[in-house]
1. Counting just the residues of region 245-261 that are under 19 Å from ARG172 (Cβ atoms) and surrounded by fewer than 21 Cβ atoms within 10 Å (Cβ to Cβ), which one comes out farthest from the chain's Cα centre (by Cα)?
2. Test SER224 against the stated conditions and say whether it is at pLDDT 90 or above, under 24 Å from the mean Cα position of the chain (by Cα) and either polar (S, T, N, Q) or buried (at least 17 other Cβ atoms within 10 Å of the Cβ) (or both).
3. Select from region 214-243 the residues that are more than 30 Å from TRP293 (Cα to Cα), in contact with a strand residue (DSSP E or B) (Cβ under 6 Å, 6 or more places away or on another chain) and of a type in the set (Ser, Thr, Tyr) and list them in ascending order.
4. Tell me which residues, restricted to region 7-41, are over 44 Å from the mean Cα position of the chain (by Cα), assigned to a helix (DSSP H, G or I) and surrounded by fewer than 12 Cβ atoms within 10 Å (Cβ to Cβ).
5. Restricting to region 338-354, name every residue that is more than 21 Å from LEU296 (Cβ to Cβ), in contact with a Leu (Cβ under 9 Å, 6 or more places away or on another chain) and assigned to a strand (DSSP E or B).
6. Tell me which residues, restricted to region 350-381, are more than 27 Å from HIS309 (Cα to Cα) and either touching a Phe, Trp or Tyr at 6+ places or on another chain (Cβ under 9 Å) or at pLDDT 95 or above (or both).
7. Somewhere in region 88-95, is a residue in a helix (DSSP H, G or I) and exposed (fewer than 15 other Cβ atoms within 10 Å of the Cβ)?
Amino acid sequence: MAEAFLMERLADDNLSTAVETWTMWTLGRLGIPMDLDSANLKQFSNRAVQAIRIASYQQQNHPDVPRLPEFVFAALKSPEPRLRHAAVVAIRQSGHCQCTSNLLDLVAEEADRVTYYSAWNALRQLATVEFRKSWLTDERPRIRLAVLLGLLEDDTISVDEVIALRSDKDARVAGLVELWLQKTGGAEPLVTLSPPPGEYTEPVSVKLTTSVPQARLNYTTDGSIPVNTSRRYGSPIRIERNTTLKVIITQDNTQAGPVITGEYRIRHVEPYRHRAFITDVHAKAPGEYRMDWTGLAPGKRHYTDRDYHITSIPAELRGLPFLQTCNQHGDHTSGSDWLSMKSDSAVTVLVGVDVRVNAPLAWMKIGEQDGFQDTGLELVTTDPTFRIYRKRYPAGPIVLGGSKNDPRRDSDAVCTS
């Protein structure tokens, strides 16, 4: 009697979504099977989604429902991605490894990112590692990509097995392989661009190196995809304006690995036009200390006696004049009066402290009313990374302390103003 009442209610096309859902699930829990025809799967509807979900529930909880109904598998071919996704979830919850072929056919063509993600995760659950590895040779690239994503997620594939996929013909597979190898340190990058892609304030000459023996590098600078007849690399590539550099490795006139892309941005900065307001720079240390009035920029050296250089600068600091310090300062960098200078106007002094310094420098009084304040910014170089602190000084003498509390422990600091 209850079933007849609920079925009659469900025939009402004016039911709200909530009432429709409640009615269907009540029937489902009573063990009444759901059914959908092909017309129901052509477009999205709450009734179709709930029918798929209820079918999954019944298959898991009713012993007399050994497998999912056919309309669930038909939903994998629905033009509506939400119905395909519901079907994938139902298949995963069923736990039936016999359904993997249905999922593979879906993955081979799936364009919806959410459904694709659910499908390759379902394959992780339903298929053994050995089966999944056998699919890495499938001729359909989206299947190879899905399988590789799952194996990497489960950490069930070796570095050697990943390296073997470097030459995959599909750019997405080869790109994923390269990204994983670089992030895990599993292998040297196929191609290294030096200096690395990024923003620079002056032209750069990019050197290309490859870890592939007897390989040839071909490249383009106009954003187009290089081929084996594109310009061949022989000497550093001069970049004087915004450029998209694309590089491929070729062996025996065949591309090996993905296209390597580097975006270079050249921001032409006028030399610092303001007067030199800092004078009389003196340090209680040997070596040269000098102001660079052209400003902070990637590639600039931050020491006068070392080849270390700046690699990453917060936008707020770009172009600011800065003081190049001497790294060879021995035990002279402790105390509260290590460095002095004069400013003819009020100035904000920024001090960078090596992040490897464990204890705050006492002379900076960080966080105190008359001390330095943490900006939250960091300046990255090829040696240390500097945490940036600031303090406002009036015109006149400026005295800064050393870069360590204990004369026996060394660290580095660089200041900008």
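The values are calculated or read from the model by the stated rules, or taken from the named source; none is laboratory data. If you're wondering where the values come from, they're calculated on a predicted model, not measured in any experiment. Methodologically, a virtual Cβ is constructed for each residue, glycine included, from the backbone with ideal geometry; neighbour enumeration extends over all protein chains shown.
1. THR254
2. yes
3. Correct list: TYR219, THR220, THR221, SER230, TYR233.
4. Listed by number, the list holds a single entry, GLU8.
5. Matches in region 338-354: SER340 only.
6. LYS365, GLY371
7. no
Residues are listed down the side, and each one gets a yes or a no for (1) in contact with a Gly (Cβ under 7 Å, 6 or more places away or on another chain); (2) at pLDDT 85 or above; (3) closer than 20 Å to ILE398 by Cα; (4) surrounded by fewer than 18 Cβ atoms within 10 Å (Cβ to Cβ):
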{"position": "ARG301", "(1), (2), (3), (4)": "no, no, no, yes"}
{"position": "ARG306", "(1), (2), (3), (4)": "no, no, no, yes"}
{"position": "SER336", "(1), (2), (3), (4)": "yes, no, yes, yes"}
{"position": "SER340", "(1), (2), (3), (4)": "no, yes, yes, yes"}
{"position": "SER345", "(1), (2), (3), (4)": "no, yes, yes, yes"}
